Amino acid sequence: MIDIELQAIPNQSFGIIIDGVSFDIVIKTTTVTIADITIDGVVKLQGVKCMPNRPIVPYEYLENGNFFFV
């Protein structure tokens with residue numbers, strides 16, 4: 001498992017390379033927190049609701065692992 005430290009701000013974006021795979025992640029906060037995830041330049045998920053200790057990436061996109069908030 002790799003820990004990614006987030007900033008303590010409501011909206012942010014960042015990129016990370018894990019095992020040679022490039023991830024671009026956008027986190028937006030309104031009344032809920034949602035994420036957009038781009039993998040190797042291809043948008044895979046948009047507007048996915050983020051819940052504590054629950055996987056963000058649905059099963060059909062798991063070829064590159066998953067993310068969750070602790």
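No value in this document is a laboratory result; all are computed from the given coordinates. Quick caveat, the model's predicted, so the values are computed rather than measured. All Cβ positions, glycine included, derive from the backbone under ideal geometry; neighbour counts span all protein chains shown.
Answer with one residue from Ile2, Thr31, Cys50: the one whose Cα lies farthest towards the positive end of the charge dipole of the chain, charges on Cβ with Lys, Arg +1 and Asp, Glu -1.
Of Ile2, Thr31, Cys50, it is Thr31.
How large is the charge dipole for the chain, taken about the Cα centre, if only the Cβ atoms of Lys, Arg (+1) and Asp, Glu (-1) carry charge, to the nearest 20 debye? Mind showing how you got there, number by number?
Values: 4 positive and 8 negative charges, 69 e Å.
Its charge dipole is roughly 340 debye.
Along Cα→Cβ, 7 Å out, is where each label goes; now give me the distance between the ones at Met51 and Ile16 in nm to one decimal.
Rounded to a tenth, the inter-label distance reads 2.2 nm.
Which far-off residues, 5 or more places away or on another chain, put their amide H under 5 Å from the one on Val57, with H placed in the peptide plane?
It is Phe67, by chain and number.
Mind checking the log10 I(q)/I(0) for the stretch 1-51 at q = 0.16, 0.17, 0.21, 0.30 Å⁻¹? Debye, one equal scatterer per Cα, no solvent, two decimals.
Debye output, listed in q order: -0.47, -0.53, -0.79, -1.25.
Let me check against my output: what whole-number percent is the relative contact order of the chain, with C-alpha pairs under 8 Å and at least 6 apart? Walk me through the numbers before you get to the answer.
Working: 106 pairs, mean separation 12.9, N = 70.
Taking the mean separation of contacting Cα pairs over the length of the chain, I get 18 percent.
Using the Cβ atoms and a cut-off under 14 Å, what net charge is assigned to the surroundings of Phe69, where Lys and Arg are +1 and Asp and Glu are -1? Provide the component values of the computation, followed by the final result.
Details: positive: Lys28, Lys49, Arg54; negative: Asp3, Glu5.
Result for the local shell: +1.
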